[in-house]
Amino acid sequence: MKTSPKKKSQKIYFHLAFPVHNLDLARRFYVEGLGCRSGRESKHSLILNLKGNQIVAQKIKGKISVQKGIYPRHFGLIFAELRDWQSLLRRAKQKGLTFYQEAKIRFAATPIEHRTFFLQDPSGNLLEFKHYSQIQAIFGKNKRRQVGEER
């Protein structure tokens, strides 16, 4: 019996569009600050490569409502390697990016312990960068009820 060759799994990319009030300021923050690669650009949009994922800064007219606190809306990355998280933290400090929350450890000495920091882009969007001490805690550890901080 002849078996068919296995198809190679294709990578799946994450996509997120978010509002900005100024594309030049967004480009400076994301490209020069965070180290994203820029892609296509128009007068109203800028495509960015954030560690292999597509994020798109969409220029809007008017004021962007800035939330108080980190909830309900923010986005970011989870690093599998602590050294990669630390490297981005150093870069953010060196580039003088605005920290919304300084680096800290959440849920210390528990199975969901993780390091985190929040940045704020020039339009008020919040970005969180994390590293979990136990990689399976990213989606697992379902018996733990803690998610985020008290609001």
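The values are calculated or read from the model by the stated rules, or taken from the named source; none is laboratory data. If you're wondering where the values come from, they're calculated on a predicted model, not measured in any experiment. Here the Cβ is made from the backbone with ideal geometry for all residues, glycine too, and neighbour counts use every protein chain on show.
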Study note, to complete from the structure: Considering residues that are of a type in the set (Phe, Trp, Tyr), surrounded by 13 or more Cβ atoms within 10 Å (Cβ to Cβ) and at pLDDT below 95, the number found within segment 126-151 is 0
Check your understanding: Only one residue in Arg90, Arg106, Arg37 is under 30 Å from Phe139 (Cβ atoms), basic (Lys, Arg) and at pLDDT below 95. Which one?
Key -> Arg106
**Study point:** Check on Phe29, among the hydrophobic types (A, V, I, L, M, F, W, C), touching a residue at least 12 places away in the same chain (Cβ under 8 Å) and not in a helix (DSSP H, G or I)
**Key:** no
Check your understanding: Which ones in segment 94-116 are within 24 Å of Val66 (Cα to Cα) and β-branched (Val, Ile, Thr)?
Key -> Thr98, Thr116
Revision key, fill the gap. Condition set within 17 Å of the chain's Cα centre (by Cα) and in contact (Cβ under 8 Å) with a residue 60 or more places away in the chain, scope segment 58-94, selection nearest to Gly35 (Cα to Cα): answer is Ile78
Practice item. Kindly indicate the residue of segment 12-26 that is exposed (fewer than 11 other Cβ atoms within 10 Å of the Cβ) and in contact (Cβ under 8 Å) with a residue 24 or more places away in the chain and also nearest to the chain's Cα centre (by Cα) among those meeting that condition. Key: His15
